[in-house]
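Take a look at the structure below.
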Amino acid sequence: PPADLGPARAALREVFGFDSFRGVQDQVVARVLAGESTLAVMPTGAGKSLTYQLPATMMHGTCVVVSPLIALMHDQLRSARANGIAAATLTSADSDWRETMDAFRRGDLDLLYVAPERASQPQFRDLLASTRIALFAIDEAHCVSEWGHDFRPDYRQLRPLMDAFPDVPRLALTATADAHTRSDILAQLGIPESGLIVAGFDRPNIRYAIRHRDNPARQVAALMAEQPGPGIVYAPTRARVEKLAEQLAAATGRSVLPYHAGLPPEQRAANQAAFVASEDMVIVATIAFGMGIDKPDVRFVAHAGIPKSIEAYYQETGRAGRDGDPAQAVMLWGVSDFATARQRLTEVEESRRQSERQRLDALAGLVETPGCRRTVLLRHFGEHPAERCGNCDNCLSPPSVTDATELARKLLSA
Ligand code: ADP
Ligand code: MG
């Protein structure tokens, strides 16, 4: 029987201050409260965290949340605590382990965030057995699948751990799974096929454009002039991040900061904080930037080189326009990007080469299409969209036949 969502709506208002559920949140919450294991595939920014945080405040026992990045966990911890939810993390960056474990054993925690590495530790299993677990929430669940774009072997240890607690429901969450990855996640985590809930992937306020790259600094500067407000520019290497940030600052006179793993942690944190607080800053970054950043008013995301896959493209561009206002996603690609990526394929392990090649081919299909970009994107995620969206470069100014043939020729020769 479907759970009565009345108490959940009350908690939504009291704990989170929201008037209504968004998208499929109510369906997911209802399943979780009914104790049914679920895989929820919801786009970035759709509000996945709430689907376990809210039940965690209502259920008897602690919700154990598995999350792949310490930075992500600490962001979540801050926002959960800001809402008055009893939450803690057990990570290598924490010094208050003893207090956390004591609070957990007393049953005082609604949420306990842990890294997947914990799952394989017998002491951790013992810790879980010492109190009542209400729910296992597995964030970024595509990490469990070799078909996903970010496989983490430690996620494979979650199944045996959860199997030791057969009465505890499981909630797996991801933004980026294609059909193949979805069924793999279900199988790997022991969730029935009937437990799959997929939200719509369309982000209608994002205008997609994919252009040939000739002079990235000039092209991004033009985008900045056309589209005011905060923006993220992804560049493939640290060196290109640094250079592009300098060029853009010089060309536009705007505040443009770099972000990559080679910067000292304090400077990275400072640049990120400045970006989140700013109303017109542009950050040039490697893909190390963005996971877990909650900035609703990002007005554009530019790629100065091809992303790793359609999934990565969707996730990265999905950081634009979360407030629902118009935003742009512009990818600048070069033939050399595909040549480099194909070259890299030869270095990939045999077992993964086929799926990596498919991923690259799918991305080439998106770059090369003379048709609607959104249609290609949404079909990739298993949806059946209209033929034309009216809000991408190819819908707004259809390419000529010669342009399209020329593009296909370039890509084939890469
Ligand atoms: P995801 O993990 O799916 O990318 P998050 O869980 O980080 O998304 O949520 C994105 C933003 O949406 C957060 O700022 C969150 O507070 C907000 N949000 C979530 N659910 C609702 C809701 N029902 N109403 C309004 N805002 C919401
Ligand atoms: Mg999330």
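Among the residues in the stretch 308-319, are any of a type in the set (Gly, Ala, Ser) and more than 15 Å from ligand 2 (Cβ to nearest atom)?
yes
Kindly list, by first and then second residue, each pair from a residue in the stretch 34-55 that is near ligand 1 (Cβ under 7 Å from one of its atoms) to a residue that is of a type in the set (Gly, Ala, Ser) and modelled with pLDDT of 95 or more, limited to pairs with Cβ atoms under 7 Å and residues at least 6 apart or on different chains.
Lys48/Ala40
I'm checking my understanding of the structure. Among residues of the stretch 284-304 that are within 16 Å of ligand 1 (Cβ to nearest atom) and charged (D, E, K, R), which one is surrounded by the most Cβ atoms within 10 Å (Cβ to Cβ)?
Lys295
Among the listed residues Gln247, Gln267, identify the single one that is crowded, with 16+ Cβ neighbours inside 10 Å and assigned to a helix (DSSP H, G or I).
Gln247
Mind checking which residues of the stretch 340-360 are in a helix (DSSP H, G or I) and surrounded by fewer than 13 Cβ atoms within 10 Å (Cβ to Cβ)?
Passing the criteria: Gln343, Arg344, Glu350, Ser351, Gln354.
With the condition being buried (at least 20 other Cβ atoms within 10 Å of the Cβ) and either within 25 Å of the chain's Cα centre (by Cα) or among the aliphatic types (A, V, I, L, M) (or both), I'd like the helices (runs of 4 or more DSSP H) fully within the stretch 55-133 carrying at least 3 qualifying residues.
70-82
Which one of these is in contact (Cβ under 8 Å) with a residue 40 or more places away in the chain, out of contact with any His (no Cβ under 9 Å at 6 or more places or on another chain) and part of a helix (DSSP H, G or I): Leu223, Leu173?
Leu223
Residues in the stretch 34-48: is at least one away from ligand 2 (no atom under 16 Å from the Cβ) and within 23 Å of the chain's Cα centre (by Cα)?
Looking through the stretch 34-48, at least one residue is away from ligand 2 (no atom under 16 Å from the Cβ) and within 23 Å of the chain's Cα centre (by Cα).
Please enumerate the residues belonging to the stretch 53-73 that are within 13 Å of ligand 2 (Cβ to nearest atom) and out of contact with any helix residue (DSSP H, G or I) (no Cβ under 7 Å at 6 or more places or on another chain).
Of everything in the stretch 53-73, those that are within 13 Å of ligand 2 (Cβ to nearest atom) and out of contact with any helix residue (DSSP H, G or I) (no Cβ under 7 Å at 6 or more places or on another chain) turn out to be Leu69, Ala71, Leu72, Met73.
Residues to consider are Phe165, Phe136, Phe151; find the one that is at pLDDT 95 or above, out of contact with any Asp or Glu (no Cβ under 8 Å at 6 or more places or on another chain) and either assigned to a loop (DSSP other than H, G, I, E, B) or closer than 22 Å to Ala288 by Cβ (or both).
Unique residue meeting the criteria: Phe165.
Of the residues Arg105, Arg81, Arg98, which single one is away from ligand 2 (no atom under 15 Å from the Cβ), of a type outside the set (Phe, Trp, Tyr) and modelled with pLDDT under 95?
Only one candidate passes the filter, namely Arg98.
Checking the condition within 16 Å of ligand 1 (Cβ to nearest atom) and of a type in the set (S, T, N, Q), which residue from Thr91, Thr181, Thr174, Thr131 passes?
Thr174
Out of everything in the stretch 184-195 that is closer than 21 Å to Arg152 by Cβ and not in a helix (DSSP H, G or I), what residue ends up being farthest from ligand 1 (Cβ to nearest atom)?
Among them, the one singled out is Gly190.
Out of the residues in the stretch 1-32 that are among the charged types (D, E, K, R) and in a helix (DSSP H, G or I), state the one that is farthest from ligand 1 (Cβ to nearest atom).
Ranking the candidates gives Arg31 first.
Does Thr252 satisfy the criteria of being surrounded by fewer than 22 Cβ atoms within 10 Å (Cβ to Cβ), of a type in the set (S, T, N, Q) and touching a Gly at 6+ places or on another chain (Cβ under 9 Å)?
Considered against the rule, which asks whether it is surrounded by fewer than 22 Cβ atoms within 10 Å (Cβ to Cβ), of a type in the set (S, T, N, Q) and touching a Gly at 6+ places or on another chain (Cβ under 9 Å), Thr252 comes out as no.
The values are calculated or read from the model by the stated rules, or taken from the named source; none is laboratory data. From a predicted model like this one, the values you see are computed outputs, not experimental measurements. Positions of Cβ are backbone-derived with ideal geometry, glycine not excepted, and every protein chain shown enters the neighbour counts.
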